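Let me begin by presenting the structure, written as structure tokens, before commenting on it.
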Amino acid sequence: MKALIVSDAQQESLNIQTALEQMGYDTICYRWLLKALDNVEEIQPHVIIINAVDYPRHWKVLVQHSKCSLKNQPKVVLLTSPDFEDEEAEKADLLGVCGCITGIGQKHMDKLQQLLEERKDCQPTTSTNEAKILFIHPEDGTLYSGHLIQQHHDQYSMIPDRPVDLKAGDIINDGSIKSEQGIRNIHAKVLETEPKLLLSLT
């Protein structure tokens, strides 16, 4: 099995790499998240460890892309600071992150092993009765989510979970719809922003 480690911090990468190899994983390490994003489909990792301290915004992009594009859903664990915000933790759970570790000491590596062994299936959180839309803001890279309320052909109406600064004509290149049927990757153009967000698939 293969594990992908994405961290700009050399010591963190080394400790995690050693622990994963002891668990039987073949490891691939990248310092640059964008390089990992370019190569993750070729690597097809079973596990992805992302240093969210080094990449406080872009870890969401890699997680979402991996969950949407890889045939076998990888287990994702974040390396975070001890004061990881609750809002960020909720986003991680929504995206299907298996859990977080807050250091590289032995107790943290034990927790990493436990997360990988106990969580057999880490999937994005969705209600059984509704679909969720997640997308990355095209300008600032922020992750947004919302409830799908209506679909007509290739147009989707959604209510964002929080205010989002978009305007008609904006293009969303990184988005996904998560429902009981699974995960669908989308690219969309913003048609309307009030009173609901209306998207047209492109």
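Before moving on, here are some points about what is shown:
- Every pair of residues 6+ apart whose Cβ atoms lie under 7 Å, when the first sits in region 137-152 and is farther than 24 Å from Ala89 by Cβ while the second is surrounded by 12 or more Cβ atoms within 10 Å (Cβ to Cβ): Pro138/Asp170; Pro138/Ile172; Ile149/Ser157; Ile149/Met158; Ile149/Ile159; Ile149/Lys196; Gln150/Ser157
- Filter result (outside any loop (DSSP other than H, G, I, E, B), touching a residue at least 40 places away in the same chain (Cβ under 8 Å), of a type in the set (S, T, N, Q) and touching a helix residue (DSSP H, G or I) at 6+ places or on another chain (Cβ under 9 Å)) within region 31-77: Asn51, Ser69
- If the condition is being modelled with pLDDT of 85 or more and among the β-branched types (Val, Ile, Thr), then region 145-177 contributes Val164, Ile171, Ile172, Ile177.
- Filter pass, Ala92 being within 19 Å of Tyr144 (Cα to Cα), at pLDDT below 95 and surrounded by 19 or more Cβ atoms within 10 Å (Cβ to Cβ): yes
- If you go through region 178-202 and keep only what is part of a loop (DSSP other than H, G, I, E, B) and either modelled with pLDDT under 85 or not hydroxyl-bearing (Ser, Thr, Tyr) (or both), you end up with Glu180, Gln181, Glu194, Pro195, Lys196.
- Considering only residues in region 78-89 that are in a helix (DSSP H, G or I) and at pLDDT 85 or above, the one that is farthest from Asp26 (Cα to Cα) turns out to be Asp86.
- The set of residues in region 171-200 that are open to solvent by 20 Å² or more (accessible area, probe 1.4 Å) and either more than 21 Å from the chain's Cα centre (by Cα) or farther than 20 Å from His65 by Cβ (or both) comprises Glu180, Lys189, Leu191, Glu192, Thr193, Glu194, Pro195, Lys196, Leu198, Ser200.
- Residue list for region 131-170, filter: farther than 13 Å from Leu199 by Cα, in a loop (DSSP other than H, G, I, E, B) and open to solvent by less than 70 Å² (accessible area, probe 1.4 Å): Ala131, His137, Pro138, Asp140, Gly141, Thr142, Val164
- Within region 78-87, the only residue that satisfies the criterion of being in contact with a helix residue (DSSP H, G or I) (Cβ under 9 Å, 6 or more places away or on another chain) and surrounded by fewer than 20 Cβ atoms within 10 Å (Cβ to Cβ) is Phe84.
- Residue within region 5-21 that is touching a Pro at 6+ places or on another chain (Cβ under 7 Å) and either part of a strand (DSSP E or B) or buried (at least 18 other Cβ atoms within 10 Å of the Cβ) (or both) present: no
- Restricting attention to region 22-54, the residues being aromatic (Phe, Trp, Tyr) and surrounded by 17 or more Cβ atoms within 10 Å (Cβ to Cβ) number 2.
The values are calculated or read from the model by the stated rules, or taken from the named source; none is laboratory data. This structure is a prediction, so every number in the text was calculated from the model and none was measured. Positions of Cβ are generated from backbone atoms using ideal geometry, with glycine treated the same way; all protein chains shown enter the neighbour counts. For the accessible areas, the whole protein counts, side chains as well, though only heavy atoms, and no ligand, DNA or RNA atoms are used. Shrake-Rupley method; radii C 1.70, N 1.55, O 1.52, S 1.80 Å.
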